[in-house]
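The block underneath contains the structure these notes are about, expressed in structure tokens.
The values are calculated or read from the model by the stated rules, or taken from the named source; none is laboratory data. Nothing here was measured: the structure is a model prediction, and the numbers come from that model. Because the Cβ atoms are built from the backbone with ideal geometry, glycine has one as well, and the counts that use them run over all protein chains shown. All accessible areas refer to the heavy atoms of the entire protein, side chains included, with ligands and DNA or RNA removed. Shrake-Rupley method; radii C 1.70, N 1.55, O 1.52, S 1.80 Å.
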Amino acid sequence: MSVPAFTLVAVAVLLAACLQGSIGFGMGMLAAPIVALVDPTLVPGVIVLSGALVTLLVTVRERASIDLRGTGWALAGRAPGTVVGSLLVAFLPAQGLALMLAGVVLLGVALTSLGWAPEPRRPTLVAAGAASGIFGTATGIGGPPMALVWQRSSGARLRGTMGGFFLVGSALSIAGLALAGAIDAHVLARTAWLAPAVVAGYALSRLVNRVLDRRRLRLTAIAVSALGAVVLIVQQLV
């Protein structure tokens, strides 16, 4: 990877880590399309591993605000979803995964824009957890299903609950990807190089949380994610 390409990826990861540290999700939505444009072999491995690091940091920070009951039901769906996602990684070509990634982002943008807000009840949490497991493992983007369910939460509760869910979910996804052969020495090395950008993004989120409201930051994430997804589709099909 050239220096300009690595710099682009590092900036994307830094901003994505900042976003996740501020609203509890967004690492995959913001960083995955850009990373996939530079090097498709890094998706979803680097995204999942980097997301796990920032999620750990956020969960420790907001641990007192986690909704343990809701997180438990969502994780009940995450486990089987992770198995399905791992199978997709093993059998789909890189282009197929890239297009799936873009489709997931655009679907999340569309549903959010339409204002759909399901109630965080047991069946909804289990279904959202399963969808998050599938897409999070296969594409590195597992946030939209859970964000839709918990979108009425705010502040520390949203970040803490999303963090608790994604911390366990990321561990499941990492295990599944490792078994599928999608995490190798190349992916681990790139993740290690990007770790400082992840930590810097998390540190930046602590400042952002003081000056930007969640609604404005969320709208920015949606716009950037949609643009990245469109660019990715064009790049794969041209």
Among the listed residues Gly160, Gly164, Gly143, Gly155, identify the single one that is surrounded by fewer than 22 Cβ atoms within 10 Å (Cβ to Cβ) and under 19 Å from Ala17 (Cβ atoms). Gly155
Residue list for the stretch 112-136, filter: loosely packed, with under 13 Cβ neighbours inside 10 Å and among the small types (Gly, Ala, Ser): Ser113, Gly115
Residue check: is Ala36 small (Gly, Ala, Ser), out of contact with any Gly (no Cβ under 7 Å at 6 or more places or on another chain) and under 18 Å from Leu227 (Cα atoms)? yes
Tally, over the stretch 35-56, of residues that are open to solvent by 10 Å² or more (accessible area, probe 1.4 Å), not β-branched (Val, Ile, Thr) and not in a helix (DSSP H, G or I): 1
Taking the stretch 13-34 and the residues there that are surrounded by 24 or more Cβ atoms within 10 Å (Cβ to Cβ) and at pLDDT 90 or above, the one that is farthest from Gly136 (Cα to Cα) would be Cys18
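Yes or no: Val3 free of Cβ contacts under 8 Å to residues at least 40 places away in the same chain and either out of contact with any strand residue (DSSP E or B) (no Cβ under 7 Å at 6 or more places or on another chain) or under 26 Å from Thr124 (Cα atoms) (or both)?
When the stated conditions are applied, Val3 passes them.
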